[in-house]
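J.: Pasting a structure here, questions to come.
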Amino acid sequence: MNRVIPKALILLLMGLTMGCQKDLPKPETKPKIVIMKQTNRKQYEILPVYNQNTNEIPSLIVNHETRGSQVMIECIVTGISFRETDRSKDKVGKMVVWIDGKRASEATAAAFIIKGLSPGSHKLKIEVVKLNNEPYGLTKEFMVNIPK
């Protein structure tokens, strides 16, 4: 009888361990970025994020992400329009992109990509200026590292 109890105990433990293997949690993965495609023009409406008619103090927030030799930049600018058709407004401007202290380009979009940076560290500067290149006093500087 002593032999029956250990065998039953072993079978019970094996059954429990074998049954638990199917309930193992799946490993967590990184979320996927899904790009929304417009299928119907009237499906959604684009609205301005700020009201230029207010006395809002302009501000600049810059988010960036490095992927290979590319740097994706997203800017949130309040109180200034980048539409040249809004010239009647007081605060119309553009962004000047500086790479390693040299003026590289101008941008009139809130999101853009800098391509072709050489491997190594680079100092980037985003400056919001008026259409005549007079500064608004809004700048952000940051370092990016491009891998070899």
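Bear in mind that the values in this text are calculations on the coordinates, not laboratory data. Owing to the predicted nature of the structure, the values given are computational and were not obtained by experimental measurement. Here the Cβ is made from the backbone with ideal geometry for all residues, glycine too, and neighbour counts use every protein chain on show.
J.: Can you quote the Å³ per residue value for the convex hull of the Cα atoms in segment 59-146, rounded to an integer? Intermediate values should be presented prior to the final figure.
T.: Working: hull volume 7.3 nm³, N = 88.
Per residue, the Cα convex hull of segment 59-146 comes to 83 Å³.
J.: For a quick protection proxy, order the peptides 93-103, 130-140 by their average other-Cβ count within 10 Å, most packed first. Don't skip to the answer; put the middle values down first.
T.: Numbers: 93-103: 15.8, 130-140: 13.1.
By packing density, highest mean first, the sequence is 93-103, 130-140.
J.: Need the full-extension length gain, Asn63 to Thr139, defined as separation in residues times 0.36 nm minus the C-alpha distance. One decimal, nm. Display every interim value, and only then the final one.
T.: Details: separation 76, 0.36 × 76 = 27.36 nm, distance 1.29 nm.
Stretched out fully, the Asn63 to Thr139 stretch lengthens by 26.1 nm.
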